[in-house]
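Below is one structure, written out as structure tokens; comments come after it.
The values are calculated or read from the model by the stated rules, or taken from the named source; none is laboratory data. As the structure is a prediction and not an experimental result, all values here were calculated from the model. Backbone-built Cβ (ideal geometry, glycine too); neighbour counts: all protein chains shown.
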Amino acid sequence: MQPFEWSTATSISDAVKSQAGAATAQQGASVRYIAGGTNLVDYMKLNAETPRKLVDINGLELNGIERLPDGTMRIGALARNSAVAHDESVRAAYPVLSQAILSGASTQLRNMATTAGNLLQKTRCVYYRDPSTACNKREPGSGCSAIEGHNRMLAILGTSAHCIATNPSDQNVALMALEATVHVTGVKGPRSVPISAFYLLPGSTPQQETVLVPGDLVTHITIPALPEGARSGYLKLRDRASYEFALSSAAVVLKVENGRVAFVRIALGGVGTIPWRTPEAEEALRGKAPTAEHFRAAAEVALRAAKPQSQNAFKVELAKRCLTHALMQASQQA
Amino acid sequence: MAQETQTNPKPMFESKVIGVSTPRIDGPFKTTGTAKYTSDHNFPDLVYAWPVTATISSGSVTGVDTSQARKMPGVVAVYTHEDIGPLYRTPPAAGFSMIQDERRPPLEDAEVRYYGQYVGVAVAKTVEQARAAAEAVRVSYKQTPLNINGTLLGTPLSTPSMRRGSHRGDAAASFEASAVQHDAVYKTPSATHNPIELHATVAVYDDGRFTLYETSQAIVNHRDTLAAVLGVSPENVQVITRFLGSGFGGKLWPWPHSALAAACARNLNQPVKLVVSRSMMFQSVGHRPAIDQQVKLGAETNGKLTTIVHNYVNHTSMADDYSEGCGEATALLYSCPNVDITSGMARRNVGTPTSMRGPGAVPGLYAVESAMDELAVKLEMDPVALRLLNEPEKDESSGKPFSSRHLAECLKVGAEKFGWSQRNPAVGSMKNAEGMTVGWGVAACSWGAMRIEAKAMVELLVDGTARVTCATQDIGGGTYTTFAQLVSHETGIPLQKVAVVLGDTRLPDGPISGGSWTTATITPAVLSAAQNAVKALVQVALRAQHSPFAGKSEDDLELVEGVVRLKADTSVALSQEEVLRLANIKAVSGNAESRGTLGAHNDYSFHSFGAQFVEVTWQPEIARLRVSRVVTVIDAGRMLNPRTAQNQIEGAVVMGIGMAMFESTEYDERTGAPINASLADYVMPVNADCPKIDVTFLDYPDYHLNALGARGVGEIGMAGVAAAVTGAVYHATGVRVRSLPVRIEDLLVPAHGHEVA
């Protein structure tokens, strides 16, 4: 770990100002906001992240969880994962979000980890975390050690010749299926970004993971109300029963009307370089009967673009079974 | 069999403490955080050492630039192979001393033979400063080709040919002639010990004398070995291990960090603390090696075994020979006229392997018991019945009778408790109450029983308490409590009045915490020492001024519940306190030494046995496999403390599930780096993976081993679990996994009868 300076932000504008001068808000940022610290501090200890300055935002009033009059859910950036997962209105309106959060990490970590921190969770790729190896995400242009290395856990969707790192979050898969919006305050004031536009595919710049620029502070997210009668759920498949990242996960929102799929949102986790929304699979299901065959057919569509690596070809079939089963479970609730 | 130690042990039925479930006497220290573990030791002027580790696995160091590191805040010193000062190699192991798996002292030269090998060390005032400085050291290397090849059988060996182990009959001919044959290769990966407590050394140097606070499962060997490495006399090294956060074999023998910390303390004349990081735990403190095992079984059509061939090769490091004795149980588990066991080692650019819980037998029985399960399938025979049919009458490898063997009863009791008679052998045919597919598997297990040399001292004090001392250590399994039980049993002094002092080489030399030998070993030594202390107390009682026993002889007196009394008239009595106060003596003591069975002539074959029954639950729609139930029946002699014994078995079963389902140290073939070197990436069972574990002890005392009939339970519980799991996996899914761990990708194949090797 490199020595760093510590400061405490007293207001949103204070926080924004403290990071505004940094060269980047992405990998390698010299100034980082710190909230729960469950992710960033790990990477600092490993020298995968080497900020010179940490800005503590825990004092900002950004931890509210509230239902707005129009039915929108507003969750503050600093709302702890455990608070969100156990919030009565979240559990009632968005079971998929509560389930996703509770399937990740441990109680202790969830008590510290925040909504916005999780939004920016870093990959678990072992090469990213080991500065003695080449990694285009950590050190642009150095190469990718994973493509010809240990890649069992890594992505099969959204990969590039430069990076195949998986986005490891559970929360963000649910937020993707829920079509959340990320609210950011930056140097030019507040703006909102649909989560579908928040993450960047690695392409040739895997160090750029989101659209955030220096000074940007995520203040809260909003989630629109789901259609009346919609069901949602999260299914996570992994090597062991708990405290483990997904090999494959699926967040689904499903509404069946008159024996037909009237509304469906699908996002996959553990398989994409970003939380993976699959509009094509949703399209394939719309208007279809909620049967195992149709769900499996949609899963085939969802994984059509999969590009497995040397050790993770099994993820293609696993993700199909995961999605099929998640949809079955959601349809059976209805 | 040495029977020199107990002349007249108390019969078991008299005991209020032996065989009674007893909470750990050290439990409150651990649960309140007052137990002082090795890295909890601090001293004025203590500085911290952090190793610089190699990022190549084959080659040599061509340059070390320490200039930046030396300038960093708090840095006291940075050492490399050029200036660490003298560190010697140990002489070859003789008997049970100087045991060390990695024999090259750290920083001996510029050679690098495995990833993570120490190539330097930074010392600073805080651990953070030391680590930052170590990371700022720039090392340049000349790399040479590395060999990390995961295939072992059939690749070049460290010796010209396979080494022949136990053999009888003509296995080659009988296999060819066998009506039913099975021949397969089973692979187990490299596995890393991950006790919660990291390896650590706190070294204090004072005028030529070293006090080493260590995480050691064998402080006496550690003292002698480190004395040799540091080039000082053994009396100038004191090793202290008060509490261990377990070790699983990884802490049996000294690893390079210990000498490194001691050398820094010597060079700086300052106390030095070195705590090995979790990632270094995967590199330089041993691991269970990767092993390829070929097992060939031949049988008659009725299931009678005709042939067992077991050929295995484990990887070892470039510089050291570590041989995993996978065939130990193979030679004696079953009755079979033709047996041939051979072994070899293949050199790889890995750290030196070492013992991991149940070394040899655990991976060996995974292969042999998997093969037995596959043979049962070929024979269309129940796997329990197949094992019962081949139960031997004696140890056919040595011709000796077993001291106490009840494997058949383990299988029968286990089958009954598990409900085995309800098993439908057809693959995928069984469902649980929720409609999920279940699979059932079984395996037998065995583990050698042994005693080694040990000394102990028991003191009886004027305040009515007892104190027992021994230079052994409690790995966490309950050794402190066993000592107290033994003394309490022999003297009648209540358990809470027995002080147990372990973990310091100034005490009488005690055994290693390994091999499941500790309980069997300390039992005779402690009982004898207690008897000698009682004799001394009786002598004092006879001779003290104004003694009511004046004129009587030793034989006229007895000690009951801490009271010395006349046998003929029990009203003539003095308490221990009264006797010693009368004589103005603070304490009487008894010393004893017991010999070992290791290396001695024995009339019996000493082994523990057991049976593992496992249920897995299989949901093919989401490829989810979980171990849902385990029934374990253990024949390991008399349980001195059933409570801690059950803990041992339960923990071992969980570790067996980890071996079967999760654990594997993965090496990057390009660099030789253990790539999943963290608790997040090296998957082990968590609580949610632990099924209901039903443990039964048959509890037959083995009086041939010691007076209380105790053997040991540290390892046997892990043996056989992996084979029972893979047998259950086959029964549920039709997939036979011959390369551990069983992974989701192995099971995604829909077709039945698939083999994963």
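Listed by first and then second residue, the pairs with beta-carbon distance under 6 Å, at least 6 apart or on different chains, first residue in the range A:26-37 and in contact (Cβ under 8 Å) with a residue 60 or more places away in the chain, second among the aliphatic types (A, V, I, L, M) and outside any loop (DSSP other than H, G, I, E, B), are A:TYR33/A:VAL55; A:GLY36/A:MET112.
Test A:GLY141 against the stated conditions and say whether it is at positive phi, surrounded by fewer than 18 Cβ atoms within 10 Å (Cβ to Cβ), more than 20 Å from the chain's Cα centre (by Cα) and assigned to a loop (DSSP other than H, G, I, E, B). So A:GLY141 fits the description; yes. Residue count for the range B:721-750, restricted to those that are within 13 Å of chain A (Cβ to nearest Cβ), in contact (Cβ under 8 Å) with a residue 12 or more places away in the chain and either assigned to a helix (DSSP H, G or I) or small (Gly, Ala, Ser) (or both): 2.
Taken over the range B:624-641, the criterion of being crowded, with 24+ Cβ neighbours inside 10 Å and either in a loop (DSSP other than H, G, I, E, B) or within 14 Å of another protein chain (Cβ to nearest Cβ) (or both) is satisfied by B:LEU625, B:VAL627, B:ALA636, B:ARG638, B:MET639, B:LEU640, B:ASN641. Inside the range B:702-719, residues that are modelled with pLDDT under 95 and not in a loop (DSSP other than H, G, I, E, B) make up a count of 1.
Whether a residue is among the hydroxyl-bearing types (Ser, Thr, Tyr) and surrounded by fewer than 14 Cβ atoms within 10 Å (Cβ to Cβ) was assessed, and B:THR201 does not pass this test. Entry remark, the range B:670-691: residues being more than 15 Å from A:GLU244 (Cα to Cα) and at the interface with chain A (Cβ under 8 Å from one of its Cβ atoms) number 4 in total.
The strands (runs of 3 or more DSSP E) falling completely within the range B:138-241 that include 1 or more residues that are under 30 Å from B:THR306 (Cβ atoms) map to B:163-168, B:180-188. Annotation note: of B:GLY344, B:GLY327, B:GLY364, the sole residue that is assigned to a loop (DSSP other than H, G, I, E, B) and either in contact with a helix residue (DSSP H, G or I) (Cβ under 6 Å, 6 or more places away or on another chain) or not basic (Lys, Arg) (or both) is B:GLY327.
Conditions tested, residue by residue: (1) more than 24 Å from B:ARG743 (Cα to Cα); (2) within 14 Å of another protein chain (Cβ to nearest Cβ).
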{"position": "A:LEU201", "(1), (2)": "yes, no"}
{"position": "A:GLY233", "(1), (2)": "yes, yes"}
{"position": "A:SER242", "(1), (2)": "no, yes"}
{"position": "A:ALA250", "(1), (2)": "no, yes"}
{"position": "A:TRP276", "(1), (2)": "yes, no"}
{"position": "A:GLU282", "(1), (2)": "yes, no"}
{"position": "A:ALA297", "(1), (2)": "yes, no"}
{"position": "A:ALA305", "(1), (2)": "yes, no"}
{"position": "A:GLN309", "(1), (2)": "no, yes"}
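Here no strands (runs of 3 or more DSSP E) wholly within the range A:207-291 include at least 1 residues being without any contact (Cβ under 8 Å) to a residue 12 or more places away in the chain and within 23 Å of A:LEU119 (Cα to Cα). Residue count for the range B:267-299 under the criterion of being over 19 Å from B:MET372 (Cβ atoms) and within 24 Å of the chain's Cα centre (by Cα): the result is 17.
Considered as a group, the residues in the range A:1-48 that are within 14 Å of another protein chain (Cβ to nearest Cβ), part of a loop (DSSP other than H, G, I, E, B) and surrounded by 15 or more Cβ atoms within 10 Å (Cβ to Cβ) include one that is modelled with the lowest pLDDT, and that residue is A:MET1.
Can you tell me which residues in the range B:58-83 are small (Gly, Ala, Ser) and within 14 Å of chain A (Cβ to nearest Cβ)? Passing the criteria: B:ALA69, B:GLY74.
Filtering B:ALA228, B:ALA218, B:ALA191 for residues that are closer than 30 Å to B:ALA376 by Cα and either among the small types (Gly, Ala, Ser) or free of Cβ contacts under 8 Å to residues at least 60 places away in the same chain (or both) leaves a single hit, B:ALA191. Of the residues in the range B:346-357, at least one is of a type in the set (Lys, Arg), surrounded by 24 or more Cβ atoms within 10 Å (Cβ to Cβ) and within 21 Å of the chain's Cα centre (by Cα). Of the residues examined, B:THR469 is one that is assigned to a strand (DSSP E or B), under 25 Å from the mean Cα position of the chain (by Cα), not charged (D, E, K, R) and not assigned by TED's automatic domain parsing to the domain that holds B:PHE418. Figure legend. Inter-residue proximity from the range B:51-62: first residues closer than 23 Å to B:ASN149 by Cα, second residues at pLDDT 95 or above and basic (Lys, Arg), beta-carbon distance below 8 Å, spacing 6+ or different chains. Indicated pairs: B:SER57/B:ARG113; B:SER58/B:ARG113; B:GLY59/B:LYS142; B:SER60/B:LYS142.
Here B:THR665, B:THR644 are screened, and the one residue that is of a type outside the set (Lys, Arg), in contact (Cβ under 8 Å) with a residue 12 or more places away in the chain, more than 30 Å from B:SER429 (Cα to Cα) and touching a His at 6+ places or on another chain (Cβ under 8 Å) is B:THR665.
Does the range B:109-117 contain at least one residue that is closer than 20 Å to B:ARG70 by Cβ, touching a residue at least 12 places away in the same chain (Cβ under 8 Å), within 13 Å of another protein chain (Cβ to nearest Cβ) and touching a Ser or Thr at 6+ places or on another chain (Cβ under 7 Å)? Among the residues of the range B:109-117, not one is closer than 20 Å to B:ARG70 by Cβ, touching a residue at least 12 places away in the same chain (Cβ under 8 Å), within 13 Å of another protein chain (Cβ to nearest Cβ) and touching a Ser or Thr at 6+ places or on another chain (Cβ under 7 Å), which makes the answer no. Restricted to the range B:444-500, and to residues there that are of a type in the set (D, E, K, R) and within 30 Å of B:VAL721 (Cα to Cα), the residue that is surrounded by the most Cβ atoms within 10 Å (Cβ to Cβ) is B:ARG451.
Annotation: B:GLN576 fulfils all but one of (1) surrounded by fewer than 19 Cβ atoms within 10 Å (Cβ to Cβ); (2) over 30 Å from B:GLY727 (Cβ atoms); the unmet one is (1).
Here is the figure for the range B:66-81: residues that are among the charged types (D, E, K, R) and surrounded by 12 or more Cβ atoms within 10 Å (Cβ to Cβ) total 1.
Taking (1) over 22 Å from the mean Cα position of the chain (by Cα); (2) at pLDDT 95 or above; (3) among the small types (Gly, Ala, Ser) in turn, B:ALA722 satisfies each apart from (1). Against the criterion of being at the interface with chain A (Cβ under 9 Å from one of its Cβ atoms) and not charged (D, E, K, R), B:ALA652 does not qualify. Restricting A:SER169, A:SER103, A:SER196, A:SER142 to those that are touching a strand residue (DSSP E or B) at 6+ places or on another chain (Cβ under 9 Å), of a type in the set (Gly, Ala, Ser) and either more than 30 Å from A:GLN333 (Cβ to Cβ) or modelled with pLDDT under 95 (or both) reduces the list to A:SER142. Give the range B:241-266 a look and list any residue that's surrounded by fewer than 23 Cβ atoms within 10 Å (Cβ to Cβ) and in contact with an Asp or Glu (Cβ under 9 Å, 6 or more places away or on another chain), or say none. Selection gives B:ARG242, B:PHE243, B:GLY245, B:SER246.
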